[in-house]
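The structure under discussion appears below in the form of structure tokens.
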Amino acid sequence: MNFLTVGAPKSARCDDLESLKDRKCKHVENPRGSVAINTDTPVTVRKDRSEKLKPEQITQIQPQKLTLRLRSGEPQTFQLKFKRAEDYPIDLYYLMDLSFSMKDDLENVKNLGTDLMKEMQKITSDFRIAPAFGYKTISLRRTPA
């Protein structure tokens, strides 16, 4: 149905509801925004800390999937729940430069790794730390040509 007056731009068809009513439009479509929760698995709560779960069995955020239909000027809200999983596995890797220029820092890095491991064991029993080593095989300094 065409409710535009002669010479009116087609963009006038898309206006706010009040403006369309003021122009006496009879067949106005005004879809509403909405929130639909598609996947809503509850966050994992362990009754027994000794119970070992695989990472794919742990849910830390809820809902996991939702569909939002948004309209300008119409806010949509939804509840989001997060629970940090207890005893969640953590793997930490750090890169160490083992070239001679880092010799004096190597002992400090080793001690920091040990301290970090002690702190992480307070959070999770499933913690692994692994250094990765790198060696410079060429000088990075430029010599004048």
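About its Cα centre, the chain has a charge dipole of approximately 540 debye under the convention of +1 per Lys or Arg Cβ and -1 per Asp or Glu Cβ, with nothing else charged. In the chain, the longest principal axis of the Cα atoms and the axis of helix 103-120 are about 60 degrees apart.
Give me the percent of the accessible area of the stretch 59-116 that comes from carbon and sulfur atoms, probe 1.4 Å, all protein chains in place. Carbon and sulfur atoms account for 56 percent of the accessible area of the stretch 59-116.
The structure shown yields mean projected area of the Cα convex hull in nm², and of the options (i) 8.3; (ii) 8.9; (iii) 21.5 that calculated value carries the label (iii). Mean separation of Cα pairs under 8 Å and 6 or more residues apart, divided by the residue count, gives the chain a relative contact order of 20 percent.
So how strong a dipole does the stretch 36-92 carry about its Cα centre when Lys and Arg Cβ are +1 and Asp and Glu Cβ are -1, to the nearest 20 debye? Let's see the in-between values first.
Details: 11 positive and 8 negative charges, 29 e Å.
The calculation lands at about 140 debye.
Going down the table (LYS54/LYS110; LYS54/LYS81; LYS47/LYS110; LYS65/LYS118; LYS54/LYS83), which pairs top 25 Å between alpha carbons?
As for pairs spanning more than 25 Å Cα to Cα, those are LYS54/LYS110; LYS47/LYS110; LYS65/LYS118.
Taking the helices alone, the chain has a mean residue ellipticity at 222 nm of -5000 deg cm²/dmol, built from -39,500 (n - 2.57) per DSSP H run of at least 4 residues and averaged over all its residues.
The values are calculated or read from the model by the stated rules, or taken from the named source; none is laboratory data. Fair warning: this is a prediction, and the values are worked out from it, not measured in the lab. Counting neighbours? That spans all protein chains shown, and the Cβs are built from the backbone with ideal geometry, glycine included. Accessible surface is based on the protein model in full, side chains and every heavy atom, while ligands, DNA and RNA are left aside. Shrake-Rupley method; radii C 1.70, N 1.55, O 1.52, S 1.80 Å.
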